[in-house]
1. Can you tell me which residues in the range 30-69 are under 16 Å from residue 93 (Cβ atoms) and among the aromatic types (Phe, Trp, Tyr)?
2. If I go through the range 116-128 residue by residue, how many of them are out of contact with any helix residue (DSSP H, G or I) (no Cβ under 9 Å at 6 or more places or on another chain) and open to solvent by less than 30 Å² (accessible area, probe 1.4 Å)?
3. Given the structure, is residue 131 surrounded by fewer than 10 Cβ atoms within 10 Å (Cβ to Cβ) and either touching a Ser or Thr at 6+ places or on another chain (Cβ under 7 Å) or farther than 21 Å from residue 9 by Cα (or both)?
4. What is the one condition in (1) within 12 Å of the chain's Cα centre (by Cα); (2) closer than 22 Å to residue 128 by Cβ; (3) not small (Gly, Ala, Ser) that residue 72 does not satisfy?
5. Could you count how many residues in the range 114-132 are touching a residue at least 12 places away in the same chain (Cβ under 8 Å), farther than 15 Å from residue 69 by Cα and not acidic (Asp, Glu)?
6. Take residues that are at pLDDT 95 or above, in contact with a Gly (Cβ under 8 Å, 6 or more places away or on another chain) and surrounded by fewer than 17 Cβ atoms within 10 Å (Cβ to Cβ) and tell me which of the strands (runs of 3 or more DSSP E) falling wholly in the range 1-115 contain 3 or more.
7. Are there any pairs with C-beta distances below 9 angstrom linking a residue in the range 1-22 that is closer than 13 Å to residue 62 by Cβ and aliphatic (A, V, I, L, M) to a residue that is open to solvent by 40 Å² or more (accessible area, probe 1.4 Å) and at pLDDT below 95, with the two at least 6 apart or on different chains, and if so which?
8. Going residue by residue through the range 109-132, is there one that turns out to be in contact with a Cys (Cβ under 7 Å, 6 or more places away or on another chain) and of a type in the set (Lys, Arg)?
Amino acid sequence: MSSAMILREAKREDLSTIVRMLADDPLGQKRHRVEDPLPQDYYTAFEAIAASPANALYVAEIDGEIVGTMQLTFVPGLDYLGAERMMIEAVRIARGRRNAGLGKAMIAEAVAIARRRGCQRVELTSSASRKDAHRFYERLGFTASHVGMKLMLK
């Protein structure tokens with residue numbers, strides 16, 4: 001029997017595993033470079049995330065194996081009387097561990113972090129092509145309330 005999932009802040013040495021998970025689907029393959037060693041840009045981004053009190057990169061572990069990852073970003077705003085909101089991004093579960101409740105457990109932990117911090121709401125975005133992910137988030141209580149747009153600069 002395996003141990004319970006543990007969610008912890010990522011360490012620099014976790015980056016290779018995190019990037020492999022991020023690249024493990026057709027969209028991720030277009031966005032990421034899985035190389036040994038990893039491109040320096042990943043380490044630069046990790047250091048910026050780790051240094052920011054408004055960001056946290058997490059990994060989920062079971063029995064010492066990294067099985068998931070996500071990034072949380074806390075955004076202050078004037079809406080809702082100056083309420084802070086939390087954004088969830090880059091949620092991934094290792095291919096061999098999907099459909100076992102880990103994503104649900106990770107999102108529950110993220111929501112608990114937002115509540116403890118006093119956030120007014122939790123938001124996330126998901127690529128329009130990820131229909132299964134949309135159904136998953138809806139089952140967890142998220143609603144498709146806005147239309148997101150982006151302008152790619154690079």
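The values are calculated or read from the model by the stated rules, or taken from the named source; none is laboratory data. Here the structure is a predicted model, which means the values were calculated and not measured. A quick note on method: Cβ atoms are made from the backbone with ideal geometry, for glycine too, and the neighbour counts reach across all protein chains shown. Ligands, DNA and RNA are excluded from the accessible area calculation, which covers all protein heavy atoms including side chains. Shrake-Rupley method; radii C 1.70, N 1.55, O 1.52, S 1.80 Å.
1. Within the range 30-69, 58 is the sole residue that qualifies.
2. Step one: of the range 116-128, the residues out of contact with any helix residue (DSSP H, G or I) (no Cβ under 9 Å at 6 or more places or on another chain) are 116-118, 123, 125.
After this cut, where a residue has to be open to solvent by less than 30 Å² (accessible area, probe 1.4 Å) as well, the list is none.
Going through the range 116-128 one residue at a time, the tally reaches 0.
3. Numbers: surrounded by fewer than 10 Cβ atoms within 10 Å (Cβ to Cβ): no; either touching a Ser or Thr at 6+ places or on another chain (Cβ under 7 Å) or farther than 21 Å from residue 9 by Cα (or both): yes.
Spelling it out, it is not the case that residue 131 is surrounded by fewer than 10 Cβ atoms within 10 Å (Cβ to Cβ) and either touching a Ser or Thr at 6+ places or on another chain (Cβ under 7 Å) or farther than 21 Å from residue 9 by Cα (or both).
4. Of everything listed in (1) within 12 Å of the chain's Cα centre (by Cα); (2) closer than 22 Å to residue 128 by Cβ; (3) not small (Gly, Ala, Ser), residue 72 misses just condition (2).
5. Step one: list which residues in the range 114-132 are touching a residue at least 12 places away in the same chain (Cβ under 8 Å), which gives 114, 117-125, 127, 129-130.
Those left that are additionally farther than 15 Å from residue 69 by Cα: 114, 117-123, 125, 127, 129-130.
Going one step further and asking which of them are not acidic (Asp, Glu), we end up with 114, 117-122, 125, 127, 129-130.
Adding up the residues that qualify gives 11.
6. Details: elements: 6-9, 55-62, 65-76, 84-93.
Where strands (runs of 3 or more DSSP E) fall fully within the range 1-115, none carries at least 3 residues being at pLDDT 95 or above, in contact with a Gly (Cβ under 8 Å, 6 or more places away or on another chain) and surrounded by fewer than 17 Cβ atoms within 10 Å (Cβ to Cβ).
7. Listed by first residue and then by second, the contacts come to 5/101.
8. Narrowing the range 109-132 to residues in contact with a Cys (Cβ under 7 Å, 6 or more places away or on another chain): none.
Looking through the range 109-132, none of the residues is in contact with a Cys (Cβ under 7 Å, 6 or more places away or on another chain) and of a type in the set (Lys, Arg).
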